[in-house]
Amino acid sequence: MSEIQNQKSLVSILADNKKGMLSKLTTFFASNDMNIESLTLSSADIENKIHRTTAYITGDRNRIDGLCKDMGKIEGVHKVINFMSNSFIERELGLIKIKVTNPSMPQITNLVNEQNGEIIFVNSEIMICQIEETEEKVDSFMSRAKEITNDIEILRTGIVAISLDADINNI
């Protein structure tokens, strides 16, 4: 594949929270030669009637704007945002669990502090730390943690993003 076909794009879809909707969206990506690299699904309203699906997809960016318009025609889809054509802020949450008896625990604690993370839980057996950052910084943090010790559990939430334009997307 050429480099253009392998570009990552960040897309957000506001759609009804109903059975089969996520399947429709993922099938749409696949049938248009887009690979989903990361997918986050969350409620977009207080009543939990609308979900926001945020996806990093890999494919030809030249086709993405048109595909976003086409995706907006799927029944139950309210709005599709291609973040690659807007300024945006993205965040991902990373959690690390380590045993307090691990000799590398002080190094992990230092790494968490360097990344403006925080220790969110400690008891006599384990410590849990979190970092909230961009995907690239969470990648770097997790790689550095694994270089320090393999005796840790790592969890990532997936990416969420919000546009920096003045449009408020409340459905």
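Throughout, read-outs are computed from the coordinates displayed, never taken from laboratory work. As the structure is a prediction and not an experimental result, all values here were calculated from the model. Cβ coordinates were reconstructed from backbone atoms using ideal geometry, including for glycine residues, and neighbour counts include every protein chain displayed.
With a 10 Å cut-off between alpha carbons and a GNM built on the chain, which of 126, 89, 50 moves the most?
Looking only at 126, 89, 50, the largest GNM fluctuation is found for 126.
Per DSSP H run of at least 4 residues, take -39500 (n - 2.57); add these up for the chain, divide by its residues and hand me the 222 nm value, nearest 500 deg cm²/dmol.
Result for the chain, helices only: -8500 deg cm²/dmol.
Suppose each label sits 7 Å from its Cα in the direction of the beta carbon; what would the residue 22-residue 122 distance come out to in nanometres?
The answer from the label model is 3.6 nm.
In percent, how large is the relative contact order of the range 17-58, given Cα pairs closer than 8 Å and 6 or more residues apart?
About 38 percent, as a whole number.
Of the residues 43, 104, 124, which exhibits the maximal mean-square fluctuation in a Gaussian network model of the chain defined by a 10 Å Cα contact cut-off?
For the chain, modelled as a Gaussian network with Cα springs under 10 Å, the answer is 124.
Over 24 Å between C-alpha atoms is what I'm after, so list which of 8/99; 73/137; 24/137; 19/73; 8/69; 24/79 land there.
Checking Cα-Cα distances, 8/99; 73/137; 24/137 exceed 24 Å.
Find how much the distance from residue 37 to residue 164 grows on full extension, using 0.36 nm per residue of separation minus their present alpha carbon separation; answer in nm with one decimal.
Between residue 37 and residue 164, full extension yields an extra 43.4 nm.
Ignoring the sites themselves, what is the longest stretch of the chain with no trypsin sites (Lys or Arg not before Pro) in a DSSP loop and at most 10 other beta-carbon atoms within 10 Å?
My reading of the result: 74-171 is the longest stretch.
For a quick check, take a GNM of the chain with Cα springs below 10 Å and name the residue from 20, 59, 76 with the largest mean-square fluctuation.
Ranking 20, 59, 76 by mean-square fluctuation puts 20 first.
Could you compute the longest span of the chain free of GluC sites (Glu not before Pro) located in DSSP loops and having at most 14 other Cβ atoms within 10 Å, not counting the site residues?
Counting at most 14 other Cβ atoms within 10 Å as exposed, the longest clean stretch of the chain is 76-124.
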